[in-house]
Each structure stands twice: as C-alpha cells, then as structure tokens.
Amino acid sequence: MIAREATTKIRALLGSFPAVAMLGPRQVGKTTLSLTFSDSGEGARRTLYLDLEASSDRAKLEDPEGFLTLHQDRLVILDEVQRSPGLFQVLRGIIDQRIRKGRPTGHFLLLGSASIDLIQQASETLAGRIAYTELSPFSALEVLHAEAPNQHVSKLDTLWARGGFPRSYLATSDQESVLWRANFITTYLERDIPQLGPRIAAETLRRFWTMLAHRQGASWNASALARSLGVDGKTVQSYLDLFVDLLLVRRLAPAHPNVEKRLSKSPKVFVRDSGLVHTLLRLDSLDDVLGHPIAGASWEGFAIESLLSVAPDRTEPSHYRTHAGAEMDLVLDLPGNKRWAFEFKRTLSPRPTKSLHVSRADLQTDRTLVIYPGTDRFPLGENTEAIGLQEAMHEIVAHSESRGDRGS
C-alpha cells in the first residue's frame, strides 16, 4: 500500500473503530508509519509507542489495565502485539468502558507481523471493535510517483530485482541490497520464527522457502515437496501455513466459475517479495534474474503483488486453470460484482492465445488485461488490451475511486 494512502486509511479507520490492526511482514515499515501519528502537526494526537518485543516495554504492562488507564488520552501503539495474547481481553474491557463514557473510537493501533495469530486472537475478543489493514512493501506506483516517464522501465526493473522492502530497494548498490536480504532471511529463520513458537530447524525452513522460490507461481503440490524434505504432507502443509501467516508467501486460491469443465482445485503459491525470490535463488543482479528460467514466474509474482497492493477492500483474488489447459493468471472479483482478469507476459510483443480467450469466456470477465513490461497500450481483440503494469494499477485505483471504494 502506498504510504500516503496507508496513513490516510489508518486515520479514517481510527475515526470509526476503537482499535485498528496494521499487518505486514517485519521490516516493511509498520513502525515508521505508525510513528507519523505523532504529537505535532495540525489535527495530530498524542501517542504512546510500546514494543512488545522489548522487555522494558513488556514490564510496563505487568498491570496493563492500570498502565493503559494512565494514558487514556493517548493513541497507544502496540508493536508485535501477537506476542502478548493475554492483552486482548484487557483491551476489550478498556474499550467497552470508554465506549460507555462516550469515547467510541481511536484508542489503539496494533502492529503485527503474524496475520493469522493476530486476527484469531483479536477476533475472539475484539469482534466489532477492530478493523484490519495491511502494509505492503514499496509498490510500483510509490517508487515511480516522482519519476519521468523515460525512467519508469529502469525503476520498475530495479524494484523487481531488489523487491519492495525499503532497506533493500533504497540500498546504495546491488551488493548492499543483496546483503540486507540475505540477513533478513537468516534473521527470520534463526530468530523471528522461533520467537513465534514453532520449533523447526532453520535449515529445514530455508530449504522449504528455497523450494517455493524455485517453484514460484506453481500449483501447490504438498506430496512432492514432502518427499523432497523427507516429511509427511501434513507437516509440509504446516510449513506453508506458517509462511502465509508471516505474510511472506501468498496462496492464490483457484476460481470456481459456473462452468461444466474439470478445473484445477490447487492454489498457486508465490513468495510475495520478488527480491527474496532472487536472493533465495542466489540471483544478485537484474542480469542474473533475466538469464535465469525463473524470470517469467518471478515477474508474474511481482506484478500480482503490485496489482493487489492497490486493489480495494473486499477484492477477492484467484487464478483459473482447467485440466484442458485454459488458464488465467489472476482474477480479481472487485466490489460491485466486477470481474477483471489478467495475464502476465514478460515480453515487449505480447500476443493473445487461445487459452486466454477460452478463459475469458469461461470467466465472463468485464475486462481482460495482458500486463507486459512496456509502456504502450494497444488492443488485442475481444475486449482484451495489452497494458503496462503501472497503468494497470492506475486503472484499478480509478475504478475504485469512481465507486468510492478507496480507503473503505
């Protein structure tokens, strides 16, 4: 999500809910963004930031009700809140008390890097009192915002090669970016995941993560991965669940239109950040990526994450594949019962295929767009267009704004 839009959305949600949870992987910028809700500036409010991984801040919450009551006039920011599951019941009591006193909104901003745990914990106690939003790594619109059109392709390629984590993308050299990503991966495996509870050998999880990178965008095949790792299918499924929970992997569900065809029921699996894909595969530069067979699948995953970063709330993403070979890379069911479909082609001369037209007809799409790495826009027949990634993102934003969905 673009930082300015994220800030605006969070402010709006805090004006409507007692608590807001901002989800995102570590190092994506949640803390930095949350601290923009500072004590200065017109309309700003006093804030209190607590990092629940810091023992000094956890100590302040030994008596959470008493401590938070002392700061009831502040917006309290609780970072890595999923590490203190017992806190949610306390928050519910405080929120309900303040609602009875006529203060129904804007009390807590909760930051978390494990989505399933946080959502499950919060939903059990804060149902109806909390809203959720996700902060994504840098998107194409964010990095291209101030660039001249003739610089768009090179900037987009840099974002693709390095990924969107701020310190990776903004590094002064490819070597510095690679070093940051390599340490990010190691820290997740050796420190962050064990702190969340799972006792799985770091080397096993590294092999699993690397296998997913090698199979970027492939249909999920638990048995094949289980055999490679020497574990059972249930265990390898739990590994996938863990990485999805940490917002590091996307599980793209299959679409199920009302057609009498044999359809694939397997999700497609993507490592969400393209820079992490490349580091897991030891591809240190754009040239390394372009010369590797993973280039097409990596760019598809990058484009999917870019489009989803600007999709409005309540968008349902999926993919479509029949046993006969018809396929659509991404299907977005947008609010208002509009269905847009996308194919991704890593070529400057994309051509429509029979598979695309069959899938478009099966899905009964309102729009079908072929996303390619160029900047020109041209028709491909039968309500299908070739369009650059940045322009496609603008199209989604424009459609959302025309309905009033942005920030909803």
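The values are calculated or read from the model by the stated rules, or taken from the named source; none is laboratory data. Here the structure is a predicted model, which is why all the values come from computation and not from measurement. Backbone-built Cβ (ideal geometry, glycine too); neighbour counts: all protein chains shown.
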Identify, please: which residue in the stretch 302-351 is in a strand (DSSP E or B) and of a type in the set (Asp, Glu) and is, among those, nearest to Lys9 (Cα to Cα)? Glu316
Tell me which of these Asp192 doesn't satisfy, since it passes every other one: (1) at pLDDT below 95; (2) in contact with an Asp or Glu (Cβ under 9 Å, 6 or more places away or on another chain); (3) among the charged types (D, E, K, R). (2)
Hey, can you tell me all the residues within the stretch 255-270 that are modelled with pLDDT of 95 or more and of a type outside the set (A, V, I, L, M, F, W, C)? Pro267, Lys268
Could you check how many residues of the stretch 390-408 are in a loop (DSSP other than H, G, I, E, B) and buried (at least 16 other Cβ atoms within 10 Å of the Cβ)? 3
Picking from Ile371, Ile387, which residue would you name as being assigned by TED's automatic domain parsing to the domain that holds Gln216, crowded, with 19+ Cβ neighbours inside 10 Å and without any contact (Cβ under 8 Å) to a residue 24 or more places away in the chain? Ile387
Can you name every residue in the stretch 277-303 that is crowded, with 24+ Cβ neighbours inside 10 Å and not polar (S, T, N, Q)? Val277, His278, Trp299, Gly301, Phe302, Ala303
In this structure, is Gly374 part of a loop (DSSP other than H, G, I, E, B), of a type outside the set (D, E, K, R) and at positive phi? no
Evaluate the following for Pro352: is it of a type outside the set (Gly, Ala, Ser), in contact with a Gly (Cβ under 7 Å, 6 or more places away or on another chain) and modelled with pLDDT under 95? yes
Residue count, the stretch 113-161, condition modelled with pLDDT of 75 or more, over 26 Å from Arg251 (Cα atoms) and part of a loop (DSSP other than H, G, I, E, B), comes to 3
Hey, among Asp313, Asp366, Asp376, which residue is of a type in the set (D, E, K, R), farther than 23 Å from Gln216 by Cβ and touching a residue at least 40 places away in the same chain (Cβ under 8 Å)? Asp313
Answer with yes or no whether Thr204 is under 27 Å from Pro137 (Cα atoms), in the same structural domain as His292 (by TED's automatic domain parsing) and surrounded by fewer than 15 Cβ atoms within 10 Å (Cβ to Cβ). no
Of the residues in the stretch 270-323, those that are polar (S, T, N, Q) and within 19 Å of Ser154 (Cα to Cα) come to Ser274, Ser285, Ser298, Ser306
Determine if the stretch 95-104 includes at least one residue that is modelled with pLDDT of 90 or more, farther than 26 Å from Gly29 by Cα, surrounded by 13 or more Cβ atoms within 10 Å (Cβ to Cβ) and touching a Phe, Trp or Tyr at 6+ places or on another chain (Cβ under 8 Å). yes
